[in-house]
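Participant: Below: one structure in structure tokens.
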Amino acid sequence: MLLYKDDWAEAQQILNAWWNGENLPRPVIQVIAPRSEPHHDVPAPPEPNSLEERWLNPDVVIGRALRHMARTYFGGEAYPNLWINLGPGIAASYMGSPVTFAEDTVWFGRNHHMEWDQVLSIEYDAENKWWKATQRLVAEAAARNQGRYIVGTTDLGGVTDILASLRGTMNLLTDLVDHPHEVKEASDLILNLWHRYYDELDEIISTGQSGTSAWMGIWCADKWYPIQCDFSAMISPAMFEEFVLPWLREQCRRLKHTIYHWDGPGQIPHLDLLLGIPELDGIQWTPGAGNPDVGDECWYPLYKRILDAGKRLVLLGMAPKQIQGFISQLGHRGVLISTWAATPDEAEELLKNAEAWCR
């Protein structure tokens, strides 16, 4: 049991069954709702004195998360997930990329890019400011856990996306033609560093909980992580196969479970190559800004290809009203949906209805 989730043991069983490919009576559904009254009183976190403190001060970061958790009902397989958010692809900063903090995101490598000799000489740096800050935040989150939440691994980023932060996206696009050997050598280097960061963070997190979590908000009893390559939206399937796929597959081999973060229509041409990775468990689709939302029927043919290939399908942020139509068209086996409700009672009603729609 978690303080903010009485039925955590049951949710863990369902998530274990989903990872194992078992047939469940309904999709895995993570539904949150605001509580009419907080679970208990949690004081507001201290106001940060700077943008950097907003992201790096443990009292601010953990206090803000605890206040949100106490005011949230976690229904179905939703759970309080305190993942240390330091921006998408923070691992680039551990390798020397400059960091720019904004109110709602963090940027890496803006207006500064490494030359190839710098990239290929990157080594693990235990004293890197941002790596030490990440470890400190994760250690504080684990120490203050006390059965209240699950600590999720920070958003390390994808191997090729990290390289794009170091070299610059436009530079890397031409590098695929002009410096293919360096791109592959750097990808090997980044991959090995990535897994060292992951393993060291996992060692800290595991002192206070069993299992792993990440920004995607899915718990797993074993080591798992979302893998990705947002950069691939700008390249052909042939280039994806040569410069991205081998390192994605190696991550799938090194981790017990993986879900690919498939982001935007530019990545649709790579679907068959992704589905051809035997070790990849599933795909999470993000339609991208300006496109129909994740529950729109226009994406159903893609979802069917994923499910027909025996992969799990993760759909984050589907509107509650879209779930019944989805189930009627595509079924529920291997599917995980996150959604919301106006009240805890509505959340529970949605879960009951979903089971009935699956019969």
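The values are calculated or read from the model by the stated rules, or taken from the named source; none is laboratory data. Keep in mind that this is a model prediction, so the values were computed, not measured. So basically every Cβ, Gly included, is an ideal-geometry build from the backbone, and we count neighbours across all protein chains shown. With ligands, DNA and RNA removed, areas are computed over all heavy atoms of the protein, side chains included. Shrake-Rupley method; radii C 1.70, N 1.55, O 1.52, S 1.80 Å.
Participant: Which percent, nearest 5, of DSSP beta bridges in the chain are antiparallel? Could you put the intermediate results ahead of the total?
Facilitator: Working: 10 of 35 bridges.
Given both bridge residues lie in the chain, the antiparallel proportion sits at roughly 30 percent.
Participant: May I ask you to evaluate 6.51 cos²θ - 1.76 cosθ + 1.60, the Karplus curve with θ = phi - 60°, for each residue of the range 274-279 and list the ³J(HN,Hα) values in order in whole Hz, giving x for glycine and proline?
Facilitator: Residue by residue, the range 274-279 yields 5, 5, x, 7, x, 7 Hz.
Participant: Using a probe of 1.4 angstrom, how much of the accessible area of the range 282-325 is carbon and sulfur, in percent? Please list the in-between numbers first.
Facilitator: Details: 970 of 1880 Å².
It is 51 percent, rounded to a whole number.
Participant: Under the rule that an exposed site lies in a DSSP loop and has at most 14 other Cβ atoms within 10 Å, name the longest stretch of the chain with no GluC sites (Glu not before Pro) of that kind, not counting the sites themselves.
Facilitator: Working: sites that count: Glu22, Glu103, Glu115, Glu123, Glu127.
Segment 128-359 is the longest.
Participant: Give the Cα extents of the range 54-123 along the principal axes, in whole Å, largest first.
Facilitator: 51, 25, 18
Participant: Amide H neighbours of Ser338 under 5 Å, counting only residues 5+ apart in sequence or on other chains, H built in-plane at 1.01 Å?
Facilitator: Gln30, Leu315, Leu316, Gly317, Met318
Participant: Using 0.36 nm per residue, how much length does the chain from Asn16 to Glu200 gain when fully extended, once their Cα-Cα distance is taken away? Please list the in-between numbers first.
Facilitator: On the way: separation 184, 0.36 × 184 = 66.24 nm, distance 2.40 nm.
Between Asn16 and Glu200, full extension yields 63.8 nm more.
Participant: Ok, one more. Return the distance in nm (one decimal) between the two label points of a simple spin-label model at Asp59 and Met234, each offset 7 Å from Cα along Cα→Cβ.
Facilitator: Placing both labels 7 Å beyond Cα along the Cβ direction yields 4.2 nm.
Participant: Further question on the same structure: Set the Förster radius R0 to 45 Å, insert the Cβ-Cβ distance between Gln329 and Ser50 as r into 1/(1 + (r/R0)^6), and round the FRET efficiency to 0.05.
Facilitator: Values: r = 49 Å, r/R0 = 1.10.
The formula returns an efficiency of 0.35 here.
Participant: Quick one: accessible area per residue over the chain, 1.4 Å probe, rounded to a whole number of Å²? The partial results should precede the final answer.
Facilitator: Numbers: 15310 Å² over 359 residues.
Value for the chain: 43 Å² per residue.
Participant: What are the ³J(HN,Hα) values, in whole Hz, obtained from phi via the Karplus relation 6.51 cos²θ - 1.76 cosθ + 1.60 with θ = phi - 60°, for each residue of the range 198-203 in sequence order, with x given for Gly and Pro?
Facilitator: Result, ordered by residue: 4, 5, 5, 5, 4, 5 Hz.
Participant: Reachable lysines from Lys223, Cα under 28 Å, same-chain residues fewer than 8 places away excluded?
Facilitator: In chain and number order, the partners are Lys5, Lys129, Lys132, Lys184, Lys256, Lys304, Lys311.
Participant: Of all DSSP beta bridges located in the range 147-286, what percent are antiparallel, nearest 5? Please report the intermediate quantities before stating the final value.
Facilitator: Values: 1 of 11 bridges.
Counting only bridges with both partners in the range 147-286, antiparallel ones make up about 10 percent.
Participant: Given the chain reduced to its alpha-carbon atoms as identical point scatterers, what log10 I(q)/I(0) does the Debye formula return at q = 0.12, 0.13, 0.15 Å⁻¹?
Facilitator: Once normalised to I(0) and log-transformed, intensities are -0.93, -1.09, -1.42.
Participant: Between His40 and Asp7, take the C-beta separation as r, use R0 = 25 Å, and let me know the FRET efficiency to the nearest 0.05.
Facilitator: On the way: r = 18 Å, r/R0 = 0.73.
Computed FRET efficiency for His40 and Asp7 comes out at 0.85.
Participant: Once amide H atoms are built 1.01 Å from N in the peptide plane, which residues 5 or more positions from Tyr73, or in another chain, come under 5 Å H to H?
Facilitator: Ala33, Arg35
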